[in-house]
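Rule-based calculations on the coordinates, nothing more; no lab input. Here the structure is a predicted model, which is why all the values come from computation and not from measurement. Cβ sites come from the backbone with ideal geometry, for glycine too, and all protein chains shown count toward neighbours.
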Amino acid sequence: MSNEFIVHNLERHQTKDTLDSHVNGELTVIWRDWDKVIHDPKMIYLNIINTKQVKGPHLHQNRTSYFYCIEGEIILVIKDDSGKYHEVKTSSDKAEMIEVKNGVAAAIVNPSVNLSKVLVLADIAWKPNDNEMKNVEFQDYNWDKWK
């Protein structure tokens, strides 16, 4: 685990039919005000990553972001303060949310042949032209392995 990012294991609960109590699905708890994982989220949005594409890398100067893959799979490539790269793989099959702290550069990779959808929660809302996000380059990272 790193100071720059955290993988939060989320609660999953089976849901049951009201008539005969057979399992009819499940629910995953993303956020509750009393969990204190996310301190009063100010923005929630859906990020869709096309097949074999990369979004980023960039960093948010003030905002901490929380990523939960709701469809498909993703790899968050995170560069820590020492310059080390971390590849955090998650998918819609896993009940986990990845927290990337403000000031930490990251990219979202969709390594699959299907669309990936990621629910993103943030502690500060994005505003057009607020210059809060900075594009960066991971010049020594091997992007070719995701093609």
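Quick notes on this one:
- Test for LYS94: is it surrounded by 16 or more Cβ atoms within 10 Å (Cβ to Cβ) and touching a residue at least 24 places away in the same chain (Cβ under 8 Å): yes
- Any chance ILE6 is outside any strand (DSSP E or B), hydrophobic (A, V, I, L, M, F, W, C) and touching a residue at least 12 places away in the same chain (Cβ under 8 Å): no
- All positions within the stretch 122-147 that are basic (Lys, Arg) and loosely packed, with under 12 Cβ neighbours inside 10 Å: LYS127, LYS145, LYS147
- The set of residues in the stretch 108-121 being out of contact with any Phe, Trp or Tyr (no Cβ under 7 Å at 6 or more places or on another chain) and either of a type in the set (Asp, Glu) or crowded, with 18+ Cβ neighbours inside 10 Å (or both) consists of ILE108, ASN110, SER116.
- Of residues in the stretch 73-91 being among the hydrophobic types (A, V, I, L, M, F, W, C) and out of contact with any Ser or Thr (no Cβ under 9 Å at 6 or more places or on another chain), the one nearest to ASN142 (Cα to Cα): VAL77
- For the stretch 94-134, the set of residues classified as over 14 Å from the mean Cα position of the chain (by Cα) and within 11 Å of GLU73 (Cβ to Cβ) consists of PRO111, SER112, VAL113, ASN114, LEU115, listed by residue number.
- A search for C-beta distances below 8 Å between a residue of the stretch 13-32 that is within 13 Å of ALA95 (Cα to Cα) and any residue that is small (Gly, Ala, Ser) and part of a loop (DSSP other than H, G, I, E, B), counting only pairs 6+ apart in sequence or on different chains, returns THR28/ALA95.
- Yes/no for LEU27 being loosely packed, with under 13 Cβ neighbours inside 10 Å, in contact with a His (Cβ under 6 Å, 6 or more places away or on another chain), among the aliphatic types (A, V, I, L, M) and within 23 Å of ILE74 (Cβ to Cβ): yes
- Hey, ILE70 surrounded by fewer than 18 Cβ atoms within 10 Å (Cβ to Cβ), among the β-branched types (Val, Ile, Thr) and without any contact (Cβ under 8 Å) to a residue 60 or more places away in the chain or not: yes
- Residue within the stretch 76-87 that is in contact with a Pro (Cβ under 6 Å, 6 or more places away or on another chain) and among the hydrophobic types (A, V, I, L, M, F, W, C) present: no
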